[in-house]
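The values are calculated or read from the model by the stated rules, or taken from the named source; none is laboratory data. Treat the numbers as computed from the prediction; the structure is a model and nothing was measured. In this analysis, Cβ positions are derived from the backbone assuming ideal geometry, glycine residues included, and neighbour counts consider all displayed protein chains.
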Amino acid sequence: MRSPALLNRFCSLSILLLIAALPGAFAQTSENSHPWMNPKLSPDERAAMVVKQMTLDEKIQLLHGTGMEGLSPISPLAVHSNGGAGYVPGIPRLGIPPIQMSDAAYGVRASGVNGRYATALPADVAGAASWDLNAAYDYGALIGRELRAQGYNMTLGGGVNLTREPRDGRTFEYLGEDPVLAGTMVAAVMKGEQAQHVMGDIKHYALNDQESGRNAVNVNIDQRAARESDLLAFEIALHDADIAAVMCSYNRVNGDYACENKYLLNDVLKKDWNFKGFVLSDWGGTHSAAKASHAGLDHEEPGWIFYSDELKRDVESDKVSHAELDDHVQRILRSMFATGVVDDPPHRSVVDVIGGFAVAQKIEEQGAVLLKNDAAQLPLEAAKIHSIAVIGPHADVGMISGGGSAQVDPPGGNAIMPPGHGDTEWQEQIWFPTSPLRTIRAKAPYARVQFDSGADPDSAAALAKNADVAVIFVYQWESEGMDLESLSLPLHQDDLISKVAAANPHTIVVLETGGPVTMPWAGQVNAILEAWFAGSRGAEAVANILFGEVNPSAKLPMTFPRSEADLPHPTVVQPPPESIPHHGGPEPWKEIAAGLAPFQVTYDEGVKVGYKWYDAENKPVLFPFGYGLSYTTYAYSGLRVGGGGDPNVTFTVTNTGNRAGAEIAEVYAALPPAAEEPPKRLVGWSKVALNAGESREVTVNVDQRFLSIFNVQKNAWELIPGDYTFMVGGSSQDLPLKETISLK
């Protein structure tokens, strides 16, 4: 039971929160009574002023949430939560509003449960496949607007873990295998969100690259490899955008939990990168008070297992200094001021549903990757087609989405459930009501368009045999809290594709996946389109691509391997029984907080993530990083490399086809042999829109960091003197232009 003193404290705070909920409670503050409300002052100055006015209890209150069922105790103050994943009470007397947090990887989570609507954007990986910074900004801006419309002022999206383990159940939430691409793209997303006066967050810091045993696993990796791969993505994002928060991950890294890892939080994040925002734990990822505080953890979520009474006692006994405590508080307040959540708090409003649909569809049209198009199978010409077979699980009613804390509630509930039975449940496959069958019928109104679920492959093949074209929609579902058993399509869908392709030589496969899959049937079909988890208007976007109203331009943000045997780790290391929490108990969070027995995962491939691994090991792939087809063609010419420490790479791209399109021109560099690096690394790109026959000169400025190695002894990036070969082209394995220069 809670003590009477603790209950009195909660009651007093509840009264303050009720007062704060009254109209104008925070708006009544003024610059005269609260000088930190002067927007002309810097966020750091404003935060420092507030810290000086705060009591110890108010400071502690700001450092933890108010609880969540199953993960921590629940405070009476939690009733003032907006229904999101986290809630931190404000300080009305100082004009500091509450922090209302929501999961929002590809849209605002749990909106349906809260009686609201939220747009489901295509999965984050689809945004990465656009390689388009403007699209990434729009992605974040839409989420930010819809968060504010629901009363939230902090997002918990921003996943940037590299696709080091492609069977990771959260691959769809992340931005691919390359740190330059992932870091640059997530920075643009965060800029879009924070422009709406919502605090941004990037996660999961760091090396949370598998879900299996995530609360226990100890990731072993050397410092140089970590800094040049997974950590580099975070570094780029924080360099490019003033992001409010970084979420530390569940796993251990080289022996210490990420949320009490001094090297990660203090040495790298706060000192080397000069991060001014705050670090919050993943939900239930805190394991101590003093150790975590010393290491650099600023805020515990979702409750107060460590960062309340225990932390207060540590401060009162000088186990944690007042200066250290104030630094935690300063960082949180600084982020609130810097992002505008104090000056411009959210006000509930109606979400622009039609506008959200338009953004989601446009991003899917830019993010779906055309992987194969033999015999110019695509685009389809509706006027010449008399019959189409649409085949695949639930392709008559919807398209699948990614699960876990990223899950967005579809309007009307799960499309594959009967009306009134469509609530979203944890780790349940949720289908959005965007129907491929309906949209294909709309594009080919004079054709006979028939559907088969594919449950009986022979029936599906019979339908396909009598059609001019067969379009098969297949899927591989992913979710937080699990990893894929394999990269194969489940439910015998490989066999389904093979049978349909044998029956109809004009077979098109549309993949609904969160990452790569193996394709034993790839040589049997004419066309393959990777649609990812396509969002609220996925079917409309896919139909526009299939029928040529949109010319595909996306490229893979990750490698599709031929088989799992070619991966650095052919199998995912599974946790032993002692490393798995016993969720059947009434309070599993206590077991997790106490610390589960570690098991080891060693990333001995180091910096060789994705294409760098396949290059270094001379392994052929199914589809390479940076690959994607178009309905037109492009040629490259006129490469020249100039500049000093930050070279500029100039070249010409020509649209050699007969229709307008956009080419993602990629720039790679090979470092001198003394650097002891993989054969090449991405150092920049440019997305170029060109009319048929048009040429354009393009210049890509290369950041010297992207040409450097991390010197552990110097704790600094170092450019190795020698010859650097710059390569330009349309994918990591199609680089027709090369030039070598000497750099010192």
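Some points to look at:
- Only one of the numbered conditions (1) in contact with a Lys or Arg (Cβ under 6 Å, 6 or more places away or on another chain); (2) within 30 Å of I143 (Cα to Cα); (3) among the β-branched types (V, I, T) is violated by V449, and that is (2).
- All told, V712 meets the bar of being over 16 Å from N648 (Cα atoms) and either assigned by TED's automatic domain parsing to the domain that holds G644 or without any contact (Cβ under 8 Å) to a residue 12 or more places away in the chain (or both).
- Scope segment 263-281; condition over 30 Å from P575 (Cα atoms) and either without any contact (Cβ under 8 Å) to a residue 24 or more places away in the chain or buried (at least 19 other Cβ atoms within 10 Å of the Cβ) (or both); matching residues: K270, K271, N274, F275, G277, F278
Yes/no matrix, rows are residues, columns are (1) over 30 Å from Y631 (Cβ atoms); (2) touching a helix residue (DSSP H, G or I) at 6+ places or on another chain (Cβ under 9 Å):
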residue: V369; (1), (2): no, yes
residue: D374; (1), (2): no, no
residue: L380; (1), (2): no, yes
residue: H386; (1), (2): no, no
residue: Q407; (1), (2): yes, no
residue: F432; (1), (2): no, yes
residue: A444; (1), (2): no, yes
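- Filtering Y636, Y614, Y627 for residues that are outside any loop (DSSP other than H, G, I, E, B), under 25 Å from the mean Cα position of the chain (by Cα), at pLDDT 95 or above and not small (G, A, S) leaves a single hit, Y614.
- Residues of segment 461-477 satisfying the condition of being hydrophobic (A, V, I, L, M, F, W, C), within 14 Å of P505 (Cα to Cα) and touching a strand residue (DSSP E or B) at 6+ places or on another chain (Cβ under 7 Å): L463, A464, A467, V469, A470, V471, I472
- Residue within segment 224-236 that is surrounded by fewer than 24 Cβ atoms within 10 Å (Cβ to Cβ), under 17 Å from the mean Cα position of the chain (by Cα) and of a type in the set (V, I, T) present: yes
Okay, residues lined up against (1) modelled with pLDDT of 95 or more; (2) touching a Cys at 6+ places or on another chain (Cβ under 7 Å); (3) among the small types (G, A, S); (4) at negative phi:
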position: S553; (1), (2), (3), (4): yes, no, yes, yes
position: P557; (1), (2), (3), (4): yes, no, no, yes
position: R562; (1), (2), (3), (4): yes, no, no, yes
position: T571; (1), (2), (3), (4): yes, no, no, yes
position: Q574; (1), (2), (3), (4): yes, no, no, yes
position: P586; (1), (2), (3), (4): no, no, no, yes
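- Among the residues of segment 215-263, those that are assigned to a helix (DSSP H, G or I) and aliphatic (A, V, I, L, M) comprise A225, A226, L231, L232, A233, I236, A237, L238, A258.
- Lone qualifier among I332, I305 - being farther than 25 Å from L94 by Cβ, crowded, with 22+ Cβ neighbours inside 10 Å and assigned by TED's automatic domain parsing to the domain that holds R214: I305
- For segment 449-546, the strands (runs of 3 or more DSSP E) that sit wholly inside it and include 1 or more residues that are among the aromatic types (F, W, Y) are 469-476.
- Residue match in segment 718-732 (condition: surrounded by 14 or more Cβ atoms within 10 Å (Cβ to Cβ), out of contact with any helix residue (DSSP H, G or I) (no Cβ under 7 Å at 6 or more places or on another chain) and part of a loop (DSSP other than H, G, I, E, B)): yes
- Taken as a whole, the condition of being under 25 Å from A527 (Cα atoms), crowded, with 17+ Cβ neighbours inside 10 Å and under 30 Å from the mean Cα position of the chain (by Cα) does not apply to L707.
- Residue list for segment 308-329, filter: more than 17 Å from W283 (Cα to Cα) and either part of a loop (DSSP other than H, G, I, E, B) or not assigned by TED's automatic domain parsing to the domain that holds P39 (or both): S317, D318, K319, V320, S321
- Only one entry of E260, E300 meets the criterion of being touching a Lys or Arg at 6+ places or on another chain (Cβ under 8 Å), crowded, with 24+ Cβ neighbours inside 10 Å and of a type in the set (D, E, K, R), and that entry is E260.
- Which listed residue, of F651, F625, is buried (at least 22 other Cβ atoms within 10 Å of the Cβ), in contact with a helix residue (DSSP H, G or I) (Cβ under 6 Å, 6 or more places away or on another chain) and either closer than 27 Å to Q366 by Cα or among the β-branched types (V, I, T) (or both): F625
- Per-region count, segment 633-648, residues closer than 19 Å to K687 by Cβ and either touching an Asp or Glu at 6+ places or on another chain (Cβ under 6 Å) or buried (at least 18 other Cβ atoms within 10 Å of the Cβ) (or both): 3
- Neighbours by Cβ (under 6 Å, 6+ apart or cross-chain): first from segment 342-364, more than 22 Å from W532 (Cα to Cα); second small (G, A, S): P346/G151; R348/G151; S349/A149; V351/A149
- Residues satisfying the stated conditions in segment 644-679, i.e. assigned to a loop (DSSP other than H, G, I, E, B) and within 30 Å of A226 (Cβ to Cβ): G644, G645, D646, P647, L671, P672, E676, E677, P678, P679
- Out of M101, M1, M68, M37, sole residue that is at pLDDT below 95 and crowded, with 19+ Cβ neighbours inside 10 Å: M68
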